[in-house]
Each structure stands twice: as C-alpha cells, then as structure tokens.
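The values are calculated or read from the model by the stated rules, or taken from the named source; none is laboratory data. The structure displayed is predicted, hence computed values, not measured ones. Cβ coordinates were reconstructed from backbone atoms using ideal geometry, including for glycine residues, and neighbour counts include every protein chain displayed. The protein model used for the area step is the full one, side chains on, heavy atoms only, and it has no ligands, DNA or RNA in it. Shrake-Rupley method; radii C 1.70, N 1.55, O 1.52, S 1.80 Å.
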Amino acid sequence: MTTSATRVLVLNSGSSSVKYQLLDMRDGARLAVGLVERIGEAVSRLVHTPLTDSGERRERTGPIPDHAAALKAVAEELAADGLGLDSPELAAIGHRVVHGGLRFSAPTVVTDEVLAEVERLVPVAPLHNPANITGIRTARALRPDLPQVAVFDTAFHTTMPEHAARYAIDTEVADAHRIRRYGFHGTSHAYVSRETARLLGKDPSEVNVIVLHLGNGASASAVAGGRCVDTSMGLTPLEGLVMGTRSGDIDPAVTFHLKRVAGMSVDEIDDLLNKKSGLIGLCGDNDMREIRRRVDEGDERARLAFDIYIHRLKKYIGAYCAVLGRVDAVAFTAGVGENAAPVREAAVEGLESLGLAVDAELNAVRSGEPRLISPEGARVAVAVVPTDEELEIARQTYSLVTD
Ligand code: AMP
C-alpha cells in the first residue's frame, strides 16, 4: 500500500468515551486533539482543541447517544478547522485495541476477518475490546475507503518467552481457555524503551531496559535489546504492580476465600479487585498527588498505602534485574512516573547494590523532556521518559500504510 497523504487520525475508543488526535506524520505534529465523554448518558461532552495557529478550544455538551454520533461530531469539529475526515491528506485511522491475543504481534490493517478475531478475544478483554470494536466499525462506516489500522496493547509483549508467558497451571486447561500472560500498555513500553535507548545514544538492540509505566494503571516490563522478555500484567491488566484502583498481585486463593467465606459473587470480587483496591482501597485516594500531600501531613493510612506501592515496585525492579542479567537503564513513565519525584526516589532507595540511584537535584527537575536522573557515572541510568502512546500508534499506523 502506498499513499502521499501524511495525516493519521488516532482513535482510542472506551466504553463511554472516545479520545482522538490528528497528527501530521511529516514531523509528528498534532493538528488537533480531543475527547468525547459520557457517550450514551443524558449529558455528553465533546472537548476539541485544534492546534493550528488559528484554532481555539471548543466544547459541546448535550446528548451523544452512541459511538457513531460521537465520531460524527468529531468529524464535524475537525471539518470546521479544515481538517475534515474527507480530506485527501488523511492517510489512515489508527485504533488502539487493547487485546490482540497471540495472533497480533504487529499493527494490522483491519479486515472483516481481523475484526472477527478481535471479537473472539472479547472473553479475555470484556471491558475493552467491545468498545475498540465499536470504534473501528464506526470509523469504517464513515470512511470505508480508508485503511483502518489496529494497534494492539498486547503486541509488544508477544516476544515474551514461554517460560515468562505461561502460568504454572494445567496446560490443557490453559490452552483450552487461552489463559496465559499477555501484558498490556505495550505501545507505551515499546515507545519508552526505544526513547530510553535514544537518550543513551544507543540503538535499542544494544540496551536492556526496565520500563516502569506508572499511571492510574501501572505495569513494568523487562526489555532486552528492544524485545520484551517479561511484563507485570497478565491475562488481564489486574496482575502485577499496585495501581490506582487495582490490587496487582495477590494470592489467587483470596478470591476463593471471598466467595466461600464472605459470600461475594464473582462479579463483586472482580469489581473489588479492579475498582476498589490498590491505592484507593488502601487509603481512599488513587491520585498520587493527594496521597503525597496526606503523607506530608503525617497521615498513617496514606503512608502505608505509599509504602505498599513502593515495596511492590521495588520487588519488580529487583526481579527484572534478575531476568535481564545486565540492566542499562530504568525508565519511569506515565502520570506518576513522569511527575512524582518522591515515588522515583523511594523506588530505587536502597538498591545501590544493583547500581541504582537517583540524584536528588536532577530528580526534582520538572520537564516534559526525556532526561537522566541518576548521578553522573552511575552503572545503571535512571531516566524519566514521557510516554506518547498516540504518537506511537500514529507512527505504527503510518508505517504500515506507506511501506
Ligand atoms: P495516567 O494514567 O498516566 O494518566 O496517570 C494518572 C495518574 O498520574 C493520576 O491518577 C495521578 O496519580 C498521577 N499524577 C498526575 N500528575 C501528577 C503529579 N504532578 N504528581 C504526582 N502524581 C501525578
């Protein structure tokens, strides 16, 4: 496929929201960004920000009943800025798709067959894949002639060796139900591990990196020479680190116990572990800014929540040092990783024997740029590398339609 068009629209469709960005792939510049939220509720909201010189942020409220109406409204806003979806400049639409299973290890042009396979994965991603599918179907209906590309959150992790990807459960049961560790946030881990290599002046194939994606959802990955060899999320995004509202690792027997002893249903346990656990379950807040404020005021519950969060993070850093053997860099990214200096400091505190340390002054710098925060001459570089999932989705989409 070839194209002389240079724009890519990136769509991230959630169950009741659509986030979008229009990028010019000649330089990766944003032309417009926006969000439609509360789709299907009485009052929906669209916030559209053109980033061209003349544009101004605009907001609409009112009912937007479904994704088709949402995308139509987005198309109208873009058209008002001369950036309409009917423009010959638009090369493709790139869709974030959460679960690609084992089949999709690379960005893929959407066909009916691809959509059917993404649909078959709904049982392992019941919260995300249906919304992603709706987004793709809606965009296809709007521009049936345009390549629609699916970029999968799981794709970067498909290089994990079997010994890291398989759970130690009965193989037949696992295979029958496609139970294995898939990992998520792959677009971010791919982007950040590559940008970290660039920061070190090296090719990704030359470096081993631990990426800590710490947002409201959080995951770690061990990346050896540009390939993911382990990651902390599993069959679903519930496994691994302590997150804003997810427990991360727990003894699976906790779930049987909650059912047998507390009489909770499977749905209630699912809700407890995904939405009412992690930082919010521990201290009532999931925003790290608020937790740090409370810690600074001497709040014991917030302190314990912070300590549990850090303890888990340290365990994963240590584990991935062991998995990788040689570590060149540890990169912090996403909302918490990019902004919370106390988290970064605490996460590597006491890990000097692994070559890890942060320089207090460098760690305190606030910047949107990739930067090193380890002391000069440190054996392992510690870095803050802002993630950019939309740019990565756009790049992968564009390279597929121009190659
Ligand atoms: P994300 O999921 O990557 O958008 O990250 C969202 C989370 O980042 C929020 O829930 C906050 O906990 C955290 N966050 C954002 N800004 C800051 C900040 N300045 N300091 C500490 N945490 C922050």
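Please state the relative contact order of the chain as a whole percent: Cα pairs under 8 Å, 6+ residues apart? Over the chain, the number comes to 15 percent. Rounded to the nearest 20, the Cβ-based charge dipole of the chain about its Cα centre (Lys and Arg +1, Asp and Glu -1) stands at 320 debye. Take the solvent-accessible surface of the protein heavy atoms, probe 1.4 Å, and return the percent of it on the stretch 48-131 that carbon and sulfur atoms account for. It is 54 percent, rounded to a whole number.
The shape of the stretch 60-99 can be summarised by an equivalent ellipsoid whose semi-axes, obtained from the alpha carbon gyration tensor, come to 19, 18, 7 Å from longest to shortest.
Counting only protein heavy atoms and a probe of 1.4 Å, the accessible surface of the stretch 245-399 is 52% carbon and sulfur. What the chain shows is 45 Å² of accessible area per residue, with the surface traced by a 1.4 Å probe over protein heavy atoms. For the listed residue pairs K72/K275; K275/K314; K275/K315; K19/K275, the alpha carbons are over 26 angstrom apart in K72/K275. Estimated at 0.36 nm per residue, the fully extended path between K315 and E117 surpasses their Cα-Cα distance by 67.7 nm. The share of Cα pairs per 5 Å bin across the stretch 262-403, counted from zero up to the longest distance, runs 2, 9, 14, 16, 16, 15, 12, 8, 5, 2, 1, 0 percent. Using Cβ point charges alone (K and R +1, D and E -1), the dipole size of the stretch 1-155 about the Cα centre works out to roughly 240 debye. Over all orientations, the chain has a Cα convex hull whose mean projected area works out to 21.5 square nanometres.
For the pair D86 and D53, label points projected 7 Å from Cα toward Cβ lie 2.7 nm apart. Between the alpha-carbon centres of the stretch 254-287 and the stretch 1-51 there is a gap of 34 Å. Rounded, prolate or oblate: which fits the stretch 1-107, taking a ≥ b ≥ c as square roots of the Cα gyration tensor eigenvalues, rounded meaning a/c under 1.5, else prolate when a/b beats b/c? Since a/c reaches 1.5 but b/c is at least a/b, the shape of the stretch 1-107 is classed as oblate. Does the stretch 300-349 classify as rounded, prolate or oblate by the C-alpha gyration tensor (a ≥ b ≥ c root eigenvalues; a/c under 1.5 gives rounded; else a/b over b/c gives prolate, otherwise oblate)? Oblate, because a/c is 1.5 or more while a/b does not exceed b/c. Under the rule a/c < 1.5 gives rounded, and otherwise a/b versus b/c splits prolate from oblate, where does the stretch 98-169 land using the Cα gyration tensor? The shape class here is prolate. Computed over the chain, the per-residue total of -39500 (n - 2.57) for DSSP H runs of n ≥ 4 gives a 222 nm mean residue ellipticity of -11000 deg cm²/dmol, rounded to 500.
Taking only the Cα atoms of the stretch 147-299, the radius of gyration and Dmax are 17.9, 56 Å.
Both radii were evaluated on the Cα set of the stretch 323-381; the Rg over Rh quotient, with Rh as the Kirkwood radius, amounts to 0.94. The Cα center of the stretch 156-206 and the Cα center of the stretch 315-389 differ in position by 20 Å. The S205 and T61 beta-carbon pair, evaluated with R₀ = 35 Å, returns a calculated FRET efficiency of approximately 0.10. For R103 and K72, FRET efficiency with R0 = 25 Å and r from the beta-carbon atoms, rounded to 0.05? The value I calculate is 0.20. Here the stretch 143-190 exposes an accessible surface that is 56 percent carbon and sulfur, computed with a 1.4 Å probe and the other protein chains kept in place.
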